[in-house]
Amino acid sequence: MLENVPRLIVLPLERILRKHGLTTLIIHGVSTEQAPDVYAILSALKELLGLNIVVMCEPGVRPKRQRFTSEKLQILYVSDDGSIMYSGRIPSEPALYKNLFRILLEGVWQRPDATSLSIWEGMWERTNLPLDFDPESATTAGICSALHHAWDYSRWMLKALSTLESATYLDTQRALQRDNMEIYDALCLLFIIGSYKHDIPLVPRDHAINLLNVVNSIVDSRPLNNSELWLDRGFLGHAQHLLQLLANFLGVLPEALHVPDVVLLTGRPVKSGGFADIFHGQYTNQAGEKVEVALKVLRIFSSQANSERRILEEKFTKEALSWSHLNHDNIVPFIGVNSTFPGQTMAMVSLWMAQGSVLTYMADRSLSSRSAFSLIHDVIQGISYLHAMNIVHGDLCGRNILINQNGRACLSDFGLAAFIEVQTSIKTSMRSGSGKWMAPELLLPEVYRPNHPFQRTVESDVWAFACVICEIWTEGTIPFVDKSEGAIIMKWSNPATEQGTWQLIPYTWPQTKSGQAMPQRLWELVQSCWKRNPILRPTVQVISQHISAMVPPRIRPTTLVQPLNLRPGTSSVQSRIIDHNHTYVRLGPLPADDGLPGTQFDPLLSRLLDSLERRDVIVAPLFVSRYDAHHLDLCFASAVEANSFAMTWMGRRASPYENAAAEIL
């Protein structure tokens, strides 16, 4: 049949076009079975200029990949009740979520029943929604209105697509990813306007709620390959602030965070702390699987005055929002929030970690040094991720590190320390948390950070992490095991300790229960994290690199930088990491010293700083390690910082270090 198309159809149509010009060919009564042959025939007509084609048929006969432009080939469907679908006149494409609209429109023409007609009519009903705004004259109210209607429309379209079952999950997610860029631009414009901080109370409540859901969906979005976040940190900061503002103003959390129908497996808490009870529960996920969960109910919500309760609820909201957007192998997975408990008490729902804390895990088995390194590496990876997300854990200690089913360490309860601080300040005005793991600037901020408010920082996390390393290595020994918290504070308040003439550290050289001492390289790294001055402590990035180099080969992740020997073939030289993200300076020769590298370097740095009119011309190294008895290696965050230090040292060095050179490696 197809071989006769030119003679029977094309040639007659060419004569008609030459004689009459613009012509419309109407084909009707096409069934689903006839559709492939009909479209094969029509493909031979696509080169005929001036010819338009209308096919009257069921929606399902429309080709999935149309070989004609929308202007050249149109589909007309008239139902038994007179309803009409005509592809030559389609609902207007929205300014936002246009890609979702397109795959829904395609799906409507693929399903030959009343459902497609109903969705088609629904698309027409929504064709005049105010989904656009003029960027030149945009206002908070205008952008919120557009995003409000766009969010409602997108939810309706997703529900319609699930009814049609015409698009795959991957196709839908790809469409949403492309649409998210348009939403991202709209939110960026909102942040540029800036007045949203004051305008939110004037926005209709339903608009504000949908704005909350839109922002949460964007912050929570990931690229399809689940690689690093596609949002820049500046945008994330504004978005997280807006989420907090909206959630506090509305008194609700994004709808995506709510976990319904959680069933308690125990009537009583499986664990109780000073401020929270942990319950064991279960819920059914979207795939129909039953998942065991932990519900953390903060008992500080009960019996509070309204003003106090409001502050605590805002802190609860902040932690839930922060935790909900984290996605890392070494962070306990957050599932959502639940209101199963009476009295309007909310609970945070996370994945149940059956193996308990790292302390329980170690008590149940005898850990080798290899296993200890693996757990330590897991912890620093989790902390690195948190800091990259602008989140300070604030309460690092063994009991807040849980073990998943694969034996990997995962951080939990980050941000809770700040939450607890609000509660204790209401009752006693005293700082609270894991005091023995706290850096001196947290225990005595007025001494070690004068003129600064009490604040947990990335540097105080570094101090606590060093304590966690020792806690893991010793299989559970806590810091300052022979001292009370009060005695520790007294020691830190001693002028000799404050001035650095007397050293106070949480551990002596740690050993396992079997008597195996912590390796010297790790012990030196740990002690560098206990600098009294927070800015002299290494960053988590530097710590992570050094720990990665110490992890035994069989358990070291293959993506990590391998340690390199600076002098190949010289076995006496200690190997260490050299990476492209940091620059090293070798300082020496110095007087022979077998002590800690930092202890030798600190007086040199102080002397150099004292010789300068402006101390900000150089930056202290991130980390100091020993190359040999006469040389130190200084790790700087950048080549600029390394070069500045080297040039300053060479110009200012004095007796007894006049022969010590600073060489950039």
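The numbers here are math on the coordinates, done by the rules we state, and not lab data. Everything numeric here is computed off the predicted structure, so don't read it as measured data. Note: ideal-geometry Cβ built from the backbone for every residue, glycine included; neighbour counts use all protein chains shown.
Numbers below:
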quantity: Summed residue charge, Cβ within 15 Å of Ser655's Cβ, Lys/Arg positive, Asp/Glu negative; calculated: +1
quantity: Sites matching GluC sites (Glu not before Pro) across the range 106-186 that sit in DSSP coil, with at most 13 neighbouring C-beta atoms within 10 Å; calculated: Glu165
quantity: Relative packing of peptides 656-663, 447-454 - highest average C-beta neighbours within 10 Å first; calculated: 656-663, 447-454
quantity: Rounded to whole Hz, the Karplus (6.51, -1.76, 1.60) HN-Hα couplings of the range 205-210, x for glycine and proline; calculated: 4, 5, 5, 5, 5, 5
quantity: FRET efficiency, Ala95 to Leu49 (Cβ-Cβ, R0 51 Å, nearest 0.05); calculated: 0.95
quantity: J(HN,Hα) series, the range 94-100, from Karplus relation 6.51 cos²θ - 1.76 cosθ + 1.60, nearest Hz, glycine and proline x; calculated: x, 5, 10, 6, 5, 6, 5
quantity: Segments 10-23, 350-363 sorted - mean Cβ within 10 Å per residue, highest first; calculated: 350-363, 10-23
quantity: Unsatisfied cross-links (Cα-Cα over 22 Å) in the set Lys491/Lys531; Lys271/Lys513; Lys197/Lys296; Lys436/Lys491; Lys290/Lys315; Lys296/Lys513; calculated: Lys271/Lys513; Lys197/Lys296; Lys290/Lys315; Lys296/Lys513
quantity: Label point distance in nm, Gln516-Glu446, each placed 7 Å from Cα along Cα→Cβ; calculated: 4.7
quantity: Net lengthening on full extension, Asp134/Ala114 (0.36 nm per residue, minus Cα-Cα); calculated: 3.4 nm
quantity: For the range 125-257: relative contact order, % (alpha-carbon pairs under 8 angstrom, 6 or more apart); calculated: 28
quantity: Computed magnitude of the charge dipole of the range 125-257 (debye, nearest 20; Cβ of K, R +1, Cβ of D, E -1); calculated: 300
quantity: Computed E for His631/Arg370 - FRET, C-beta separation, R0 35 angstrom, nearest 0.05; calculated: 0.65
quantity: Full-extension gain in nm, His328 to Glu165, via 0.36 nm per residue minus C-alpha separation; calculated: 55.5 nm
quantity: Packing rank of 187-194, 198-205, where each peptide gets the mean count of other beta carbons within 10 Å, highest leading; calculated: 187-194, 198-205
